[in-house]
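> Sharing a structure here in structure tokens format.
Any read-out appearing in this document is the output of simple, stated calculations on the displayed coordinates, not a laboratory observation. Bear in mind that the values here come from a model prediction, so they are computed numbers and not experimental data. Using ideal geometry, Cβ is built from the backbone for each residue, glycine included, and neighbour counts are taken over all protein chains shown.
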Amino acid sequence: MRRLLPFLFLIALAAPALAEPRHGIAMHGHPALPANYQHFPYVKPDVKKGGSVRYGVVGTFDSLNPFILKSMRTTARGVWDPQFGHLLYEPLMQRSADEPFSLYGLLAQTVEMDEERTFIQFNLNPAAKWSDGMPVTPEDVIFTFELLRDKGRTPFSNRLTPVARMEKVGERSVKFTFNEKSDREFPLILATATPILPKHAVDPDTFDQSSLEIPVGSGPYTVKSLRPGERITFERNPDYWGKDVPAKVGFDNYDQISVEYFLQENTLFEAFKKGVVDIYPEGSPVHWARAYDFPDVQNGAVIKDAFQPELPTGMLGFVFNTRRPMFENRDVREGLALAFDFEWANRNLFEGAYTRTESFWQNSALSALGTVANARELAILGDTKADLDPSVLDGSYRLPQTDASGGDRNVLRRVVDLLKEGGYTIQNGKMASQSGNPLRFEIMTQNQDQEKLAIAYQRTLRMIGVEVAIRTVDDAQYQSRSGTFDYDVIVKSYPSSLSPGIEQVGRWGSVSRDREGSNNFAGVADASIDRAIEAMLGARDREDFEAAVRAYDRLLISGHYLVPLYHVAEQWVARRSYIGYPDVTPLYGYQLPVWFDKRAQD
């Protein structure tokens, strides 16, 4: 036996250390809050719950299942909703809006994960239960991932692709062991971006069909009533298991939440003015400046608030569908992008309220603007760096400023030169290819503001013989056509966070190019972009991560996949005066799930 002791000791040294249970995890480094934290810093922890709120949205609904393709765009808001809150279903962990990407325990009380992130184990909270009183079990977790794999829509259907093994551990834990397709972000995606469903209350045979059957969930609310396409009302579950979980303290403060549906944005705003809706997020500077002169603003019944998040700008633009032959050439895309006269539009349409967006992560350390590509970035770019504009590599890239005339001759001369390099010249007043095919395309818009921008763009392009048609469609057609990539040019927004991750694959990755329902609206399939995304997802420290995102930003800028538009630094929201919010605005800006009804405080 004594001879075996040294051998056993060596085995013990070689074995990987067991991961310790922890209260939270972060994409890079460690969570900011300690294990004994009491609540997130941006909530009002002692708020008195009660009262109600009425949200308003444009669209319709005919389903309570947001996890399948058939009801991807027509599920009632609030069921699984990052804006209004996950009212019915919950993830295993809760994300903090005051950190780039940190998660804290929710359905999973603690989590275990090795430094290499080859596995993650979720230890369920023994108090977690469904709205019908049944406990949340490891069997529910396993059932959920298998069901979504078999019958869910993207991205839920892909959750198990990087998983080699999923198994129950002990009485209340589930362990996921990963394969070579996983990355360092993936454990966090499992933890926060997948709803857990009740095995005993979901029929797998009918799960892939749209349904208005009231679901059983673990969340803070249940469905009180609904009128398809018009209104859904949620009421607080008085037996909600998680109200004292630190990550939920100060959340879910209303007794009742209703979501009203409207066919048009103008109708929604009129409903807000009349008091039918309590909160109105504003996106138009002209509307913000001019439309709030009604009596309730003047007498203080409606209050306008401006919030200052600490976020990158994101990107809004006219997106070229590169699946269309006329947009395959990068020179053509660059020329068309330069033709938009932002200065004219900002002066004449928006009262100078906007700033031009030139980077997908502008105003942050993740942006390529103003930063020379370092050695880390150049290694990621590889041979592709030779194809990039030198100004993009050295950080000096900027879009040209026009004379705000709507037809700056110097800029249009450069546009014509670029189109010529792409194979188009002006022939008999029309921009056409060598074979005589005219350069023409259609812009699909969904509201009046987008249509105004498109008309301004159309007017400028007409000066150099480019034919542009504009088609404004209703919400249902817009969603259907955008989901099947049935358009030439579309207006889309690409929100940016301080921790971009797997969602970028769905926006710009080659695998999503031909996958209907994905967010790859530009139809991009580029190995260099794939490599940059892979580097971003695999980064272990903040320096490597920032370098990967900046390299990625340089590739997107250089690809000229869209016409960059504009941004504002503030978030604008109008609200009824009886709706309140905490004093602290977190990193990601205002958070509706922590707002409350001040009438309940009396």
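> Over the Cα atoms of the range 89-209, what is the Rg over Rh ratio if Rh follows Kirkwood? Present the calculation step by step, with values, prior to reporting the outcome.
On the way: Rg = 13.8 Å, Rh = 14.7 Å.
Value, to two decimals: 0.94.
> Then there's this: Which value in nm describes the separation of the simple spin-label points at Val286 and Lys452, placed 7 Å from the Cα toward the beta carbon?
Once both label points are built, they end up 0.2 nm from each other.
> Roughly how many debye, to the nearest 20, is the charge dipole of the range 315-567 about its Cα centre, given +1 on each Lys and Arg Cβ, -1 on each Asp and Glu Cβ, and no other charges? Before the final figure, lay out each step's value.
Working: 29 positive and 35 negative charges, 97 e Å.
Once rounded to the nearest 20, the dipole reads 460 debye.
> Now a separate question. Over all Cα pairs of the range 209-290, how is the pair count split among 10 Å bins, expressed in % and running from 0 up to the last occupied bin?
14, 35, 30, 18, 2
> Next question. Taking a cut-off of 28 Å between Cα atoms, list the lysines near Lys248, but don't count ones fewer than 8 places away on the same chain.
Lys44, Lys48, Lys49, Lys129, Lys168, Lys175, Lys199, Lys224, Lys304, Lys598
> In debye, nearest 20: dipole of the chain around its Cα centre with unit charges on the Cβ of K, R (+) and D, E (-)?
On the way: 67 positive and 79 negative charges, 47 e Å.
Here the chain has a charge dipole of around 220 debye.
> Would you please give the FRET efficiency between Asn428 and Asp403, computed as 1/(1 + (r/R0)^6) with r the Cβ-Cβ distance and R0 = 30 Å, to the nearest 0.05?
With a Förster radius of 30 Å, E is 0.60.
> About its Cα centre, what dipole magnitude does the range 367-470 give when the only charges are +1 on Lys and Arg Cβ and -1 on Asp and Glu Cβ, stated in debye to the nearest 20? Don't jump to the answer; show the numbers that get you there.
Details: 12 positive and 13 negative charges, 68 e Å.
That gives the range 367-470 a dipole magnitude of about 320 debye.
> Then there is this: Of Gln601, Thr194, Val549, whose Cα points farthest to the positive end of the dipole of the chain (charges on the beta-carbon: +1 Lys, Arg; -1 Asp, Glu; origin at the Cα centre)?
Positive-end residue among those listed: Thr194.
> If r is the Cβ-Cβ distance from Arg413 to Val276 and R0 is 51 Å, what FRET efficiency results, to the nearest 0.05? Don't jump to the answer; show the numbers that get you there.
On the way: r = 52 Å, r/R0 = 1.02.
That gives a FRET efficiency of 0.45.
> Towards the positive end of the charge dipole of the chain, with charges on Cβ (+1 Lys, Arg; -1 Asp, Glu), say which of Asn428, Asn520, Ala368 has the farthest Cα.
Farthest towards the positive pole: Asn428.
> Follow-up question, since we're still on this one. Could you calculate the FRET efficiency of Lys70 with Asp46 from 1/(1 + (r/R0)^6), where r is the beta carbon distance between them and R0 is 45 Å, rounded to 0.05? Working shown, then result.
Working: r = 43 Å, r/R0 = 0.96.
Taking R0 as 45 Å, the efficiency between Lys70 and Asp46 is 0.55.
> Rounded to two decimal places and with Rh computed the Kirkwood way over Cα pairs, what is Rg over Rh for the chain?
Values: Rg = 25.7 Å, Rh = 26.1 Å.
Rg/Rh for the chain comes to 0.98.
> Restricting to DSSP H runs of at least four residues, report the calculated mean residue ellipticity at 222 nm for the chain, -39500 (n - 2.57) per run over all residues, nearest 500 deg cm²/dmol.
Values: 16 runs with 152 residues, N = 602.
Counting only the DSSP helices, I get -7500 deg cm²/dmol.
> Quick check on the exposure proxy: order Met134, Met315 from fewest to most C-beta atoms within 10 angstrom.
Values: Met134 15, Met315 25.
Result, fewest neighbours first: Met134, Met315.
> Evaluate 2.2 N^0.38 Å with N set to the residue count of the range 315-567, then give the Cα radius of gyration divided by it. List each step's numbers first, then the result.
Numbers: Rg = 17.9 Å, N = 253, 2.2 N^0.38 = 18.0 Å.
Relative to the rule-of-thumb radius for its length, the range 315-567 sits at 0.99.
> If you don't mind, there's one more thing I want to ask. For a label point 7 angstrom out from the Cα of Ala19 toward its Cβ, which stretches of the range 142-175 have the backbone nitrogen within less than 12 Å?
174-175
> Along the charge dipole of the range 315-567, which of Gln504, Ala379, Pro438 sits closest to the positive end, that is, farthest toward it, with unit charges on the beta carbon of Lys, Arg, Asp and Glu (+1, +1, -1, -1)?
Pro438
> Would you calculate the separation in nanometres between label points at Asp544 and Asp205, each defined as 7 Å from the Cα along the Cα-to-beta-carbon direction?
5.0
> Residues of the range 296-336 with backbone nitrogen within less than 18 Å of a virtual label 7 Å along the Cα-to-Cβ line of Leu587, please, listed as ranges.
Once the point is set 7 Å along Cα→Cβ of Leu587, 308-314 turn out to lie under 18 Å by backbone N, inside the range 296-336.
> Once you have the Cα-Cα distance between Thr355 and Ala301, take 0.36 nm times their residue separation minus that, and quote the gain in nm to one decimal. Don't jump to the answer; show the numbers that get you there.
On the way: separation 54, 0.36 × 54 = 19.44 nm, distance 3.14 nm.
Gain on stretching Thr355 to Ala301: 16.3 nm.
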